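Below is one structure, written out as structure tokens; the observations come after it.
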Amino acid sequence: MVAKKIRDMKHNKSPGVDGIPPKLLLEIVEQISIPLATVFNLLLEEGVASLEWKEANIIPLFKKGSRNKSDNYRPVSLTSVICKLLERLIIDYLVNFLVKNYLINPSQHGFLKAR
């Protein structure tokens, strides 16, 4: 599952605080997927996350209008790519569980695939 998620990631995105770009994970996916899965499972069993994963680089992203006005920018948080990978795995697992057990209303369409 970890290897598949790494391959499915957008690899042109910026690295987070840890400086690890998604493209690097793709290049070493065969070597890193099992160790990452082990770390992810340990973190989930312990119920703790790395303090570094809670940090983010905040950068201003231009929206529209004059570049001289600060109102025309919005903040973007660059967090750890590995943390985002774990979050994506958890989200997919939870949504799959909820759908399979009919815990999501059939009229729910937002944030669900193929709806």
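The values are calculated or read from the model by the stated rules, or taken from the named source; none is laboratory data. Everything numeric in this text was worked out from a predicted model, so none of it was measured. No Cβ is skipped: glycine too gets one built from the backbone with ideal geometry, and neighbour counts run over all protein chains shown.
Looking at P35 and the list (1) surrounded by 11 or more Cβ atoms within 10 Å (Cβ to Cβ); (2) without any contact (Cβ under 8 Å) to a residue 24 or more places away in the chain, which single condition is not satisfied?
(1)
Find the residue count for segment 57-115, including only residues that are touching a helix residue (DSSP H, G or I) at 6+ places or on another chain (Cβ under 9 Å), part of a loop (DSSP other than H, G, I, E, B) and free of Cβ contacts under 8 Å to residues at least 24 places away in the same chain.
Number satisfying all stated conditions: 9.
Any residue in segment 61-71 that is of a type in the set (A, V, I, L, M), at pLDDT below 95 and surrounded by 11 or more Cβ atoms within 10 Å (Cβ to Cβ)? Before the answer, list the steps.
Residues of segment 61-71 that are of a type in the set (A, V, I, L, M), as a first pass: 61.
Those left that are additionally at pLDDT below 95: 61.
Going one step further and asking which of them are surrounded by 11 or more Cβ atoms within 10 Å (Cβ to Cβ), we end up with none.
The answer is no; no qualifying residue exists.
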